[in-house]
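Have a look at the structure below, then the notes.
The values are calculated or read from the model by the stated rules, or taken from the named source; none is laboratory data. Everything numeric here is computed off the predicted structure, so don't read it as measured data. Cβ sites come from the backbone with ideal geometry, for glycine too, and all protein chains shown count toward neighbours. The protein model used for the area step is the full one, side chains on, heavy atoms only, and it has no ligands, DNA or RNA in it. Shrake-Rupley method; radii C 1.70, N 1.55, O 1.52, S 1.80 Å.
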Amino acid sequence: MGEIRRDEAAAGTTTRDGSRTQRTALLGPTTALVLLVLTGCVSTAPRGSEVDAATAKRSIVDLVERSTSAVGGDWTVYRGPAVEPCGQDVGDRVRYVYIVERAGSTTGRQRDVEAVRAVWEDAGTDVVDTDTGGAGTRVSIRGTSGPVTSIGLDAGPDRYSMSGVSVCAPGNASELRDDEVGDER
């Protein structure tokens, strides 16, 4: 329940009957990522309590995985956890972005949102309801502070999307990417 799979969908394509088709449902994850990136990468942690890059990565992965477990269903990785610079022209600080998605639901969306809200609030994240578009088609919440810079859940009838951005940590994104690629070999 709530297990996250990694498959070709994470690369932005879907395989059906041996052929590849481009993903067309990018609006939710793209919108969520834009909202999360626009929040910036300002840690609310007091000076001196800075986390290292590995802890930042672990924190966002843990919160997203606990959140998806609270909702249940078959989640797939859309992106990440991916390291990136913590803002423009910032070469010595990094953050991790982690986006997962699953099929939506026409019933129980508010219950799912409330389950995720409880997980986030328990983790020390401030949570607000957000309006992501017309006539109640999508139920959404966003969180900031605590173990994340920002996190969001869009629960729509066709698809759920959860996007998280870790707190910033010292490090170089290029070097950390190289290290991760080396670890996967």
The simple spin-label model distance between residue 114 and residue 174, using points 7 Å out along Cα→Cβ, in nm, is 5.0
Say a paramagnetic label sat at a point 7 Å from the Cα of residue 129, along Cα to Cβ; which residues of region 157-177 have their backbone N under 18 Å from it? 157
At a probe radius of 1.4 Å, what is the per-residue accessible area of residue 119, in Å² to the nearest 10? 30
Taking a probe of 1.4 Å, how large is the accessible area per residue of region 62-113, in Å²? 41
A chain fully extended from residue 122 to residue 74 at 0.36 nm per residue, minus the present Cα-Cα distance, gains in nm 14.9 nm
